Amino acid sequence: MQIAGSKELSEQVLNQDLCTVCGACVGLCPYFKVHKGKLAKIFDCDLEKGRCYAHCPKTDVDFEQLAQALFQQPYNGDPLGIYRRITAAKAGERTGTGDFQNGGTVSALMTCALESGMVDGAVLTDSDGLLPKPKLVTRAEDVVKCASTKYMATPAVSCLNEAATDGKTNLGFVGTACQLTGVAQMRLNPLEKSDFVDPIGLTVGLFCTWALDTRQLMDFLSTRVDLKTITGMDVPPPPAEVFIVKTGETVVEIPLDEIRELVPKGCGVCPDMTAEWADVSVGAFEGKSDWNTLIIRTEKGEQLVEKAVAEGYLVLDDFPAEGLEHLTLGAGNKKKRAKENVAKEEK
């Protein structure tokens with residue numbers, strides 16, 4: 001990987017409208033800031049090589065290098081990434097209750113990780129009103145307060161960067177594919193800093209086809225509903241093809257074709273639907289809205305799942321062959337679209 005600086009990051013990513021606001025370049029220096037879902041470089045920097053460029057998931061990502069570092073095996077190009085097994089999962093009684101999206105598996109796993117001491121803290125995505133907001137939690141009881149999918153681009157990695165700067169280690173991190181790619185890049189210590197300490201203890205990836213531009217979504221929804229009345233949002237698995245907005249007792253269905261207009265351009269060149277660079281990845285279970293699909297990728301992820309099941313945080317079930325076929329098709333299609341879109345950009 002050839003590493004450059006913030007000037008090149010601006011030219012290759014920001015100016016090309018490819019940024020997905022993952023936050024990988026924020027919290028490292030004073031030059032990059034995020035406000036209401038938008039990233040901006042507020043000062044020029046003359047460094048020839050910077051962590052901002054090296055960590056960005058939209059620069060030159062070496063999949064083979066990441067696979068060897070995280071999984072100790074070659075990158076195989078599988079639509080679902082490298083994994084050990086796939087299962088159905090949902091939160092068990094010990095997790096408690098919350099505003100879970102689907103089965104609550106992410107909350108169950110991170111609650112277990114904190115209460116068992118597998119991690120000392122966790123970077124999650126909370127909300128400030130409707131706006132997503134990254135948050136570092138250190139108490140297990142705070143995990144479920146951050147439950148539910150936000151569907152908007154969130155600079156979650158910035159919170160991890162700030163925690164690492166403060167000397168915090170053994171942290172859990174929950175994020176989407178682009179965020180996990182940025183985290184994986186960071187963990188390689190690409191600038192070979194002698195004082196580098198990997199702050200990560202455990203990663204949980206979220207399935208993601210796309211996220212939405214925060215400001216555009218707020219403007220769009222304001223023409224349909226009173227923003228103050230929104231209590232939640234959802235995108236049901238195919239073949240629904242709708243974006244659901246919950247407002248108290250009312251449910252508003254918006255055709256996905258209208259919502260896709262609000263997807264950042266950078267999402268279109270992302271080849272990863274299932275957060276391949278995580279210890280475990282979690283997504284919706286097609287046909288069972290109160291369950292999740294759980295992909296276990298690493299030994300540490302396997303240990304967490306086994307502990308969560310044994311201690312009542314998590315319940316598992318068989319994952320059907322038909323579900324695996326559909327999941328593989330969806331992930332493969334995202335890789336195909338990303339490749340096609342990259343080719344268009346290069347013309």
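Could you count how many residues in the stretch 248-258 are modelled with pLDDT of 90 or more and more than 21 Å from the chain's Cα centre (by Cα)? If you could, list the steps in order and put the result at the bottom.
Taking the stretch 248-258 as the starting set, the residues that turn out to be modelled with pLDDT of 90 or more are 251-258.
Now drop any that are not more than 21 Å from the chain's Cα centre (by Cα), which leaves 251-255, 257-258.
Going through the stretch 248-258 one residue at a time, the tally reaches 7.
Per-residue answers, yes or no, for (1) surrounded by 14 or more Cβ atoms within 10 Å (Cβ to Cβ); (2) outside the structural domain of V174 (by TED's automatic domain parsing); (3) at pLDDT below 95; (4) not charged (D, E, K, R):
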| residue | (1), (2), (3), (4) |
| --- | --- |
| D290 | no, no, yes, no |
| G301 | yes, no, no, yes |
| A308 | yes, no, no, yes |
| L316 | yes, no, no, yes |
| E325 | no, no, no, no |
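Looking at the stretch 1-39, which of its residues are of a type in the set (S, T, N, Q) and either in contact (Cβ under 8 Å) with a residue 24 or more places away in the chain or not assigned by TED's automatic domain parsing to the domain that holds K135 (or both)?
Residues of the stretch 1-39 that are of a type in the set (S, T, N, Q), as a first pass: 2, 6, 10, 12, 15-16, 20.
Answer for the stretch 1-39, where residues must be of a type in the set (S, T, N, Q) and either in contact (Cβ under 8 Å) with a residue 24 or more places away in the chain or not assigned by TED's automatic domain parsing to the domain that holds K135 (or both): Q2, S6, S10, Q12, Q16, T20.
With the checklist (1) surrounded by fewer than 17 Cβ atoms within 10 Å (Cβ to Cβ); (2) within 21 Å of the chain's Cα centre (by Cα) in hand, flag the one item A321 doesn't pass.
Evaluating A321 over (1) surrounded by fewer than 17 Cβ atoms within 10 Å (Cβ to Cβ); (2) within 21 Å of the chain's Cα centre (by Cα) leaves (2) as the failure.
Step by step: first the residues of the stretch 3-20, then only those that are within 24 Å of F196 (Cα to Cα) and touching a Ser or Thr at 6+ places or on another chain (Cβ under 9 Å), then the one that is surrounded by the most Cβ atoms within 10 Å (Cβ to Cβ). Which residue is that?
L9
Report, by residue number, each residue of the stretch 133-158 that is within 13 Å of the chain's Cα centre (by Cα), crowded, with 24+ Cβ neighbours inside 10 Å and not small (G, A, S).
Answer for the stretch 133-158, where residues must be within 13 Å of the chain's Cα centre (by Cα), crowded, with 24+ Cβ neighbours inside 10 Å and not small (G, A, S): P134, T154, P155, V157.
Could you check, for the stretch 251-260, whether at least one of its residues is of a type outside the set (A, V, I, L, M), out of contact with any helix residue (DSSP H, G or I) (no Cβ under 8 Å at 6 or more places or on another chain) and not in a helix (DSSP H, G or I)?
Within the stretch 251-260, one or more residues are of a type outside the set (A, V, I, L, M), out of contact with any helix residue (DSSP H, G or I) (no Cβ under 8 Å at 6 or more places or on another chain) and not in a helix (DSSP H, G or I).
Could you list all residues from the stretch 218-241 that are under 23 Å from the mean Cα position of the chain (by Cα) and hydroxyl-bearing (S, T, Y)?
Across the stretch 218-241, the qualifying residue is only T231.
Find the strands (runs of 3 or more DSSP E) located wholly in the stretch 273-347 whose residues include 3 or more that are farther than 24 Å from Q185 by Cα, and list them. Show your work before the answer.
On the way: elements: 280-284, 292-296, 314-317.
Passing ranges, in order: 314-317.
I'd like the full set of residues that are modelled with pLDDT of 90 or more, farther than 30 Å from E302 by Cβ and among the hydroxyl-bearing types (S, T, Y), limited to the stretch 203-246.
Of everything in the stretch 203-246, those that are modelled with pLDDT of 90 or more, farther than 30 Å from E302 by Cβ and among the hydroxyl-bearing types (S, T, Y) turn out to be T214, S222, T223, T229.
Of all residues in the stretch 268-288, how many are surrounded by fewer than 24 Cβ atoms within 10 Å (Cβ to Cβ), among the small types (G, A, S) and either more than 23 Å from E93 (Cα to Cα) or out of contact with any strand residue (DSSP E or B) (no Cβ under 8 Å at 6 or more places or on another chain) (or both)?
Applying the first criterion (surrounded by fewer than 24 Cβ atoms within 10 Å (Cβ to Cβ)) to the stretch 268-288 yields 268-269, 271, 284, 286-288.
Narrowing the set further to residues that are among the small types (G, A, S) leaves 268, 284, 287.
Filter once more, so that each one left must be either more than 23 Å from E93 (Cα to Cα) or out of contact with any strand residue (DSSP E or B) (no Cβ under 8 Å at 6 or more places or on another chain) (or both): 268, 287.
Of the residues in that region, 2 qualify.
Here is a check on your reading of the model: is A54 closer than 27 Å to A331 by Cα and in contact with a Leu (Cβ under 9 Å, 6 or more places away or on another chain)? Spell out the reasoning first.
Details: closer than 27 Å to A331 by Cα: yes; in contact with a Leu (Cβ under 9 Å, 6 or more places away or on another chain): yes.
Yes.
Count, please, the residues in the stretch 56-104 that happen to be of a type in the set (A, V, I, L, M, F, W, C) and in a loop (DSSP other than H, G, I, E, B).
5
Tell me the residue from D62, D78 that is in the same structural domain as R297 (by TED's automatic domain parsing), more than 25 Å from L294 (Cα to Cα) and of a type outside the set (F, W, Y), please. Give the derivation first.
Working: D78 fails: more than 25 Å from L294 (Cα to Cα).
Going through D62, D78 in turn, the sole match is D62.
Conditions (1) surrounded by 15 or more Cβ atoms within 10 Å (Cβ to Cβ); (2) charged (D, E, K, R); (3) at negative phi, marked per residue:
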| site | (1), (2), (3) |
| --- | --- |
| E162 | yes, yes, yes |
| F173 | yes, no, yes |
| D198 | no, yes, yes |
| T214 | yes, no, yes |
| D234 | yes, yes, yes |
| P238 | no, no, yes |
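Quick one: how many residues across the stretch 202-244 are among the polar types (S, T, N, Q) and closer than 29 Å to L171 by Cβ? Show your work before the answer.
The initial filter retains those residues of the stretch 202-244 that are among the polar types (S, T, N, Q), namely 203, 209, 214, 216, 222-223, 229, 231.
Those left that are additionally closer than 29 Å to L171 by Cβ: 203, 209, 214.
Of the residues in that region, 3 qualify.
The values are calculated or read from the model by the stated rules, or taken from the named source; none is laboratory data. Bear in mind that the values here come from a model prediction, so they are computed numbers and not experimental data. Heads up, the Cβs are rebuilt from the backbone with ideal geometry, glycines too, and the neighbour counts pull from every protein chain shown.
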